[in-house]
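Please treat every number below as a calculation from the coordinates, not as lab data. Just so you know, these numbers come straight off a predicted model, no measurement behind them. All Cβ positions, even for glycine, are placed from backbone atoms using ideal geometry, and neighbour counts span all protein chains on display.
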Amino acid sequence: MKTIERMGAQGDVMFRRVETVPVGFEVAPRKGARLIVAHSETGHHHAIDDTGVVHYTGGDPLISYLRLESVDHCDVIHHRPHDTHETLRLGGGQGAVYQVIRQREHTPEGWRRVED
């Protein structure tokens, strides 16, 4: 397992530690205990199985934020039965904030989100 304190990536998702969640981002509703950080149409989600983390979303579907509310770290798990990415541990202690950035690519039709 790779532990990061500042910046790291898991497939097409990058995590970058920042000071705070910007204005305009709101708490995303949680669906059960699993927090889907980056959804994939093929079903291989990047997720956190810890209720001590809050996910914030805003107008840009490629950027969101995570705040470690009641935990010192959390593990981002790539849920897929084959060809998975290594689990990524986000550290920094309670109150740490990470910006979550989805990778994008340019196509003849314009920009689109990369799917790994």
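By the scheme Lys and Arg +1, Asp and Glu -1, what is the net charge of all other residues having a beta-carbon under 11 Å from that of residue 75? Charge balance near residue 75 sits at -1. The rule of thumb for compact globular proteins, 2.2 N^0.38 Å, goes into the C-alpha radius of gyration of segment 2-105 0.98 times.
Of the trypsin sites (Lys or Arg not before Pro) found in segment 1-77, those in coil by DSSP whose Cβ has at most 12 other Cβ atoms within 10 Å are 6, 31. About its Cα centre, segment 2-105 has a charge dipole of approximately 40 debye under the convention of +1 per Lys or Arg Cβ and -1 per Asp or Glu Cβ, with nothing else charged. Taking θ as phi - 60° and the Karplus parameters 6.51, -1.76 and 1.60, the scalar couplings of segment 86-103 work out to 4, 4, 10, 9, 8, x, x, x, 4, x, 5, 10, 10, 7, 10, 10, 7, 5 Hz in sequence order, x denoting glycine and proline.
Treating r as the C-beta distance of residue 3 and residue 70 and R0 as 22 Å, the FRET efficiency rounds to 0.70. If R0 equals 22 Å, the separation of the Cβ atoms of residue 57 and residue 33 corresponds to a calculated FRET efficiency of about 0.75.
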